[in-house]
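The values are calculated or read from the model by the stated rules, or taken from the named source; none is laboratory data. Nothing here was measured: the structure is a model prediction, and the numbers come from that model. Counting neighbours? That spans all protein chains shown, and the Cβs are built from the backbone with ideal geometry, glycine included. The protein model used for the area step is the full one, side chains on, heavy atoms only, and it has no ligands, DNA or RNA in it. Shrake-Rupley method; radii C 1.70, N 1.55, O 1.52, S 1.80 Å.
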Amino acid sequence: MPADRFYITTAIDYPNSVPHMGHAYEKVVADFYARAARLRGIETHFLIGLDEHGQKIQEAADKAGHPPQEFVDEKAEVFRRLYGQLNISFDDFIRTSEPRHHEFARELYERVSKRGDIYKDHYEGDYCISCEKFLTATELVDGKCPIHERPTTVVKEESYFFRLSKYRDQVRAHIESHPEFIYPEERRREILSRLNDDVRDLSISRSTFDWGIPLPDDPEHVLYVWFDALANYYSALVRPKDITSRFWPADCHVIGKDILWFHTMIWPAMLLSAGYELPRQVMVHGFILDKDGRKMAKHVGNVVDPVEVMDEYTVDVLRYYFIRSFSSGKDGKFSVSDLEERYNSELGNDLGNLILRVAKLVQTKLGGRVRIGGEQREFSERLNPEAMIEAYWKAVDAREHNRALEELWEYVRATNAYLNDRAPWRIKDEGELAEVLGAGVAALRIVAHLLSPVMPTVAAEIAASLGVPLESVETMSVEMECEVSASKPLFPRREDEKRVSAGKGKAKQPQADVDPFSKLEIKVGKIEAVENHPDADQLFVLKVDLGEEESRTICAGLRAHLQPADLVDRKVIVLANLKPAVLRGVPSAGMVLASDRNDGAVVPADPGDAPIGETITVEGIESNPKKKLSKSNFEKAPLSMKGGVVVYRDKPLRTSAGEIRCDANDGASVR
Ligand code: ME8
């Protein structure tokens, strides 16, 4: 069971350059846990900030021609702006150049010194300025830092040392007896194995530059940037107001895997020496990689700008992608086409359409009002969320946020399946209709609640449009009447394939000569026979004549909406070059295109009197169909409804007999 308070931190970023996707990812992950804790009523303190001292910053400031303080002040604004745009709900933002931090870092140094854990010596070693650390001979690859792929500098100077070696056994014993201390297990094993080797004392002062915190007992030296930076987690609780007794020890330090040693050996040793309790957990995330599997980093030139992605898809969509798509603790490739696919299928189709469907039906069939809570038999029998809610929180407690979202999505899909099964658009009895739509609204209330740590704005929009409270599900059983208001699509179909691209910093324009529609082959067909799919109760198995030698077998998800008699002998349009697939054991070669009607029904598009086998065209686009079209290529040429006509980018789809029509809703997608 979670405690009644939660203190969570992230790494504090180096503001030597602009923030990147890795920074954004880490803050969103931590924000998810902070918001999730608040949602459970746990008093939460969430700290982020900047690591502003050290040689790397001094060099960047020199290069920019600004004094370091001015340089970091300017950069701090850029980082703060990004974290504002990302909707990071931090309670405090610490900057290590602030006087409050200097004061505490000096106090910490003095405590450690009083303990007899600091001594003066000489040091000589290979230093990576980008990592701000000495590298051992075994860490170097071809004489270079393996992370930054740049040569190290030989540093030889007098320095103060921290007796890190003294704490090796104590830290190892702590890690062994607290399996939850390092997440994931793989990282825990990595550290335990490293702790079998000797641990060298740590040089914690520098005298060759002065951008840092002067040592209280020898101001010619400044504190080593890592000793200074790690102190932030505690110093932010000491000043301006001492809240250490409420929030220390930290519950969760969220960091990337490259700074594991600092957080699981050096920081615990510093705390043990100073006589402070150890944090409860270090949660280690993986790296965001580019499409070729390289770490996204400025010096590689492969960064995708998070701001561009937010501009294109909204902040909540980026947050969703981070939390859903990257397995907790693991590296993951950032791919705009993967994001686009999740946008269309998970957000647009699974969630967006569900909300729209329920809201429209409540409006058209029940005058916009529906009761939830109290006695909801179908809801508790067929959409009971208890097991899902339990699994969601279990995944959160296990730091497996992507799994929490998977649980939630299974429930979204189950709600869709329930509605397809109950087909409220066919129900005439008002009591029964209220029961079914009430179940849908009650389910979506839970969905919005559990979605709010990931997509706070979208969750609030769902709650507002369904007239349900977002915060507490304890009141789930309390009966209430919901006023459902007009709902606009939360994830509208994206009209073109304007893309954010890696490394270029500019959205790629669609090439005029390869319009995505040209790759489609849409043909007029006639349905010859209709059977129920033997193993999927949403699907019909159709035999469709496309004017080819043999009729095609095509599975179509129309069973909840139409009777076989509505379809036999009917002319339809078929995406004929869709890559064949096997759907629950039945091969399917093509897709019958259909769209959504106002009342929730799905209706096939109608080619009128066009001859069987004719190819559908759009004026000005030359047809150049692919042999086997992927679903995602089809989604790049979104078709939609306009004034009863199927259009692509506002232009009608047509045959020799005229425009393709469909009895569907304006703006609805055709798929
Ligand atoms: O390390 N993918 O700062 P930093 C995921 N100031 N995470 C990434 C990443 C990527 N491609 N690149 C970086 C520092 N990160 C120190 C921390 S804490 C007391 C001091 C993560 O700006 C990285 O792992 O280099 C780290 O957790 C955070 O971004 C800040 O990195």
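Residues being touching a strand residue (DSSP E or B) at 6+ places or on another chain (Cβ under 8 Å) and surrounded by fewer than 16 Cβ atoms within 10 Å (Cβ to Cβ) are entirely absent from region 250-259. Scanning region 296-309 for residues that are under 14 Å from the mean Cα position of the chain (by Cα) and either near the ligand (Cβ under 10 Å from one of its atoms) or surrounded by 22 or more Cβ atoms within 10 Å (Cβ to Cβ) (or both) returns a single hit, Pro306. Listed by first and then second residue, the pairs linking a residue in region 269-298 that is over 16 Å from Arg168 (Cα atoms) and without any contact (Cβ under 8 Å) to a residue 40 or more places away in the chain to a residue that is within 15 Å of the ligand (Cβ to nearest atom) and among the polar types (S, T, N, Q), with Cβ atoms under 7 Å apart and 6 or more places separating them unless they lie on different chains, are Arg294/Asn302. Scanning region 1-23 for residues that are outside any loop (DSSP other than H, G, I, E, B), open to solvent by 10 Å² or more (accessible area, probe 1.4 Å) and not aromatic (Phe, Trp, Tyr) turns up Arg5, Gly22, His23. Yes or no: region 455-473 includes at least one residue that is crowded, with 24+ Cβ neighbours inside 10 Å, out of contact with any Cys (no Cβ under 8 Å at 6 or more places or on another chain), assigned to a helix (DSSP H, G or I) and touching a residue at least 12 places away in the same chain (Cβ under 8 Å). Scanning region 455-473 turns up at least one residue that is crowded, with 24+ Cβ neighbours inside 10 Å, out of contact with any Cys (no Cβ under 8 Å at 6 or more places or on another chain), assigned to a helix (DSSP H, G or I) and touching a residue at least 12 places away in the same chain (Cβ under 8 Å). Taking the criterion of being open to solvent by 20 Å² or more (accessible area, probe 1.4 Å) and under 22 Å from Glu548 (Cα atoms), the residues of region 587-621 that qualify are Pro587, Ala589, Met591, Asp606, Gly608, Asp609, Pro611, Ile612, Gly613, Glu614, Thr615, Thr617. Based on this model, can you work out whether Glu312 counts as open to solvent by 10 Å² or more (accessible area, probe 1.4 Å), more than 15 Å from the ligand (Cβ to nearest atom) and touching a strand residue (DSSP E or B) at 6+ places or on another chain (Cβ under 8 Å)? Yes: the conditions hold for Glu312. Considering (1) open to solvent by less than 40 Å² (accessible area, probe 1.4 Å); (2) touching a Pro at 6+ places or on another chain (Cβ under 8 Å), the lone condition that Glu277 does not fulfil carries the number (1).
No other residue among Arg115, Arg100, Arg111 is of a type outside the set (Gly, Ala, Ser), under 19 Å from Gly275 (Cβ atoms) and under 42 Å from the mean Cα position of the chain (by Cα) apart from Arg111. Just one of the listed residues (Glu635, Glu614, Glu622) is within 29 Å of Tyr418 (Cβ to Cβ) and at pLDDT below 90, and it is Glu635. The condition (being open to solvent by 10 Å² or more (accessible area, probe 1.4 Å), touching a strand residue (DSSP E or B) at 6+ places or on another chain (Cβ under 8 Å) and among the small types (Gly, Ala, Ser)) is satisfied by just one residue among Gly286, Gly293: Gly293.
Would it be correct to say that Ala434 is in contact with a helix residue (DSSP H, G or I) (Cβ under 8 Å, 6 or more places away or on another chain) and either open to solvent by 10 Å² or more (accessible area, probe 1.4 Å) or not in a helix (DSSP H, G or I) (or both)? So Ala434 fits the description; yes. Residues in region 641-665 that are open to solvent by less than 20 Å² (accessible area, probe 1.4 Å) and under 15 Å from Leu520 (Cα atoms): Val646, Val647, Tyr648, Leu653, Thr655.
Against the criterion of being away from the ligand (no atom under 16 Å from the Cβ), assigned to a helix (DSSP H, G or I) and either more than 30 Å from Asp599 (Cβ to Cβ) or assigned by TED's automatic domain parsing to the domain that holds Ala173 (or both), Lys394 qualifies. Quick one: would you say Tyr233 is over 24 Å from Arg342 (Cβ atoms), near the ligand (Cβ under 10 Å from one of its atoms), hydroxyl-bearing (Ser, Thr, Tyr) and buried (at least 22 other Cβ atoms within 10 Å of the Cβ)? Answer is yes for this residue.
Do you know which residues across region 318-335 are aliphatic (A, V, I, L, M) and surrounded by fewer than 20 Cβ atoms within 10 Å (Cβ to Cβ)? Passing the criteria: none in range. Within region 21-49, the set of residues being within 15 Å of the ligand (Cβ to nearest atom) and charged (D, E, K, R) comprises Glu26, Lys27, Asp31. Among the residues of region 4-20 satisfying the criterion of being near the ligand (Cβ under 10 Å from one of its atoms) and at pLDDT 95 or above, which is farthest from Pro68 (Cα to Cα)? Per the stated criteria, the residue is Thr9.
Per-residue answers, yes or no, for (1) in contact with a Lys or Arg (Cβ under 7 Å, 6 or more places away or on another chain); (2) modelled with pLDDT of 95 or more; (3) within 25 Å of Asp31 (Cβ to Cβ):
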site	(1), (2), (3)
Tyr167	no, yes, no
Asp201	yes, yes, no
Arg206	no, no, no
His221	yes, yes, no
Tyr233	no, yes, yes
Thr244	no, yes, yes
